[in-house]
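Asker: Just dropping this structure here.
Values quoted throughout were computed directly from the atomic coordinates according to the rules given, and no laboratory measurement underlies them. Only a predicted model underlies this, so the values are computations on that prediction, with no experimental measurement involved. No Cβ is skipped: glycine too gets one built from the backbone with ideal geometry, and neighbour counts run over all protein chains shown.
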Amino acid sequence: MQGKIDKRERATRFRDRLRQAMELAGSNQTALARQIGVDRSTISQLLKGTGARLPNAQVVGECASALGVSADWLLSLSDRSEPAARIMADALRLTEAPRALVDEQIFDWHREALGYKIRHVPAALPDMMKTRDVLEWEYAPHLGRTTDQAIGASQDRLAWIRQSTSDYEIAVPIYELESFARAEGYYRGIPARIRRDQLAHIRDLHQALYPRLRLYVFDARRLYSAPLTIFGPLLAVLYLGRYYLAFRDSERIESFTRHFDNLVREASVSARDLPGHIAALEEMVR
């Protein structure tokens, strides 16, 4: 929001911004006059005036619409030149989420946020911490004949994510890990050997990458979270199954960040205590 400015300054800024918008749109006085249905002399007066007088709302709105900018921006009521509809479209976007380990969109978001802290609540076990056996068990029905190729490519991307300069905080509900250890629910049918190897892999990977990688375990009976990834201050993404719902406006990103930080603050198992918790889970494997 712009601070309060006097009429003369606002009028001067209007003329400057109108001229700038015309240049960016590749327009001229004749073309703009034709688009908004006024005489060319009217546009000339808008650009060359020296007083504190501003055009009426109808003219400002027509100019903004014709040039693809915001009327608020022309009047120095906003620093954002985009129309409100475009701002909303950029701030909130629905993106298809293919059934794959690390699809191109997710990988692009990780690269965009390189160096920022990434906070993540996975839909199941964290993909970046899964063994190849678990990946094959989970994704083979969706990837079909291309399983080996897809998993190989995804493992390369997961390796890049693990080796990036970003810090990772991951929050997983207790029931997810316990269900995996016991092969219950979603994880029914996974052999005991694969489950033991996976739990050991989580423990070893966490110890090797800590504190850059920190895994917290929260009690979903007290706290709930949908699958979510927050890419630093840039982006927050909710996983809906078939789609990603991506937010880029700072207010919502901050809200999701506070939500995640509460999961960490109220975690039943802290990152420091994770190895002991994994050891207890390994005892459940039968």
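Asker: How far, in nm, would the chain grow between Thr50 and Leu223 when pulled straight, counting 0.36 nm per residue and subtracting the alpha carbon separation?
Answerer: Full extension of this stretch gives 56.2 nm more.
Asker: Net charge near Gln45, counting Lys/Arg +1 and Asp/Glu -1 over other residues with Cβ under 11 Å of its Cβ?
Answerer: Numbers: positive: Arg15, Arg40, Lys48, Arg53; negative: Asp39.
Here the count lands on +3.
Asker: Identify all lysines with a Cα-Cα distance to Lys117 below 26 Å; exclude those on the same chain that are fewer than 8 residues away in sequence.
Answerer: Those lysines meeting the cut-off are Lys130.
Asker: Starting from the range 221-250, pick out the trypsin sites (Lys or Arg not before Pro) whose DSSP state is loop and whose Cβ has at most 11 other Cβ atoms within 10 Å.
Answerer: Those satisfying the criteria are Arg221, Arg222, Arg242.
Asker: Add +1 for every Lys or Arg and -1 for every Asp or Glu among the other residues with Cβ under 9 Å from the Cβ of Ala271, and state the total.
Answerer: 0
Asker: Quick check: net charge around Pro211, other residues with Cβ under 12 Å of its Cβ, Lys/Arg +1 and Asp/Glu -1?
Answerer: +2
Asker: Pick the calculated Rg and Dmax of the Cα atoms in Å for this structure from (1) 18.6, 58; (2) 26.1, 99; (3) 26.6, 85?
Answerer: Checked against the structure: label (3).
Asker: Could you tell me which GluC sites (Glu not before Pro) in the range 157-197 are loop residues by DSSP with no more than 15 other beta carbons within 10 angstrom of their beta carbon? Don't skip to the end; give the middle numbers.
Answerer: On the way: sites: Glu169, Glu176, Glu178, Glu184; in loops: Glu184.
Those that pass, being in a loop and sparsely packed, are Glu184.
Asker: Hey, what angle do you get for helix 192-209 against the long axis of the chain, alpha-carbon based, 0 to 90 degrees rounded to 10?
Answerer: 50 degrees
Asker: Which whole-number percent gives the relative contact order of the chain, counting Cα pairs below 8 Å spaced six or more residues apart?
Answerer: 20 percent
Asker: Reachable lysines from Lys7, Cα under 21 Å, same-chain residues fewer than 8 places away excluded?
Answerer: Within the straight-line limit of under 21 Å, Lys7 reaches these lysines: Lys48.
Asker: Then there's this: Above 10 angstrom, tally the Cα pairs of the range 176-215 and express them as a % of all pairs, no decimals.
Answerer: Details: 545 of 780 pairs.
Roughly 70 percent, rounded to a whole number.
Asker: Please give the calculated 222 nm ellipticity per residue for the chain, where each DSSP H segment of at least 4 residues contributes -39500 (n - 2.57) and the sum is spread over every residue; nearest 500 deg cm²/dmol? Each step should come with its number before you reach the end.
Answerer: Values: 13 runs with 151 residues, N = 286.
One gets -16000 deg cm²/dmol as the mean residue ellipticity at 222 nm.
Asker: For the range 148-216, what does the alpha-carbon gyration tensor say about shape, rounded, prolate or oblate, given a ≥ b ≥ c as the root eigenvalues, a/c under 1.5 as rounded, and a/b over b/c as prolate?
Answerer: On the way: a/c = 2.12, a/b = 1.33, b/c = 1.60.
Oblate.
Asker: Count the DSSP beta bridges whose two residues both fall in the chain, then state the antiparallel fraction as a percent rounded to the nearest 5. Could the numbers behind the result be given before it?
Answerer: Numbers: 18 of 27 bridges.
Of all bridge pairs located within the chain, approximately 65 percent are antiparallel.
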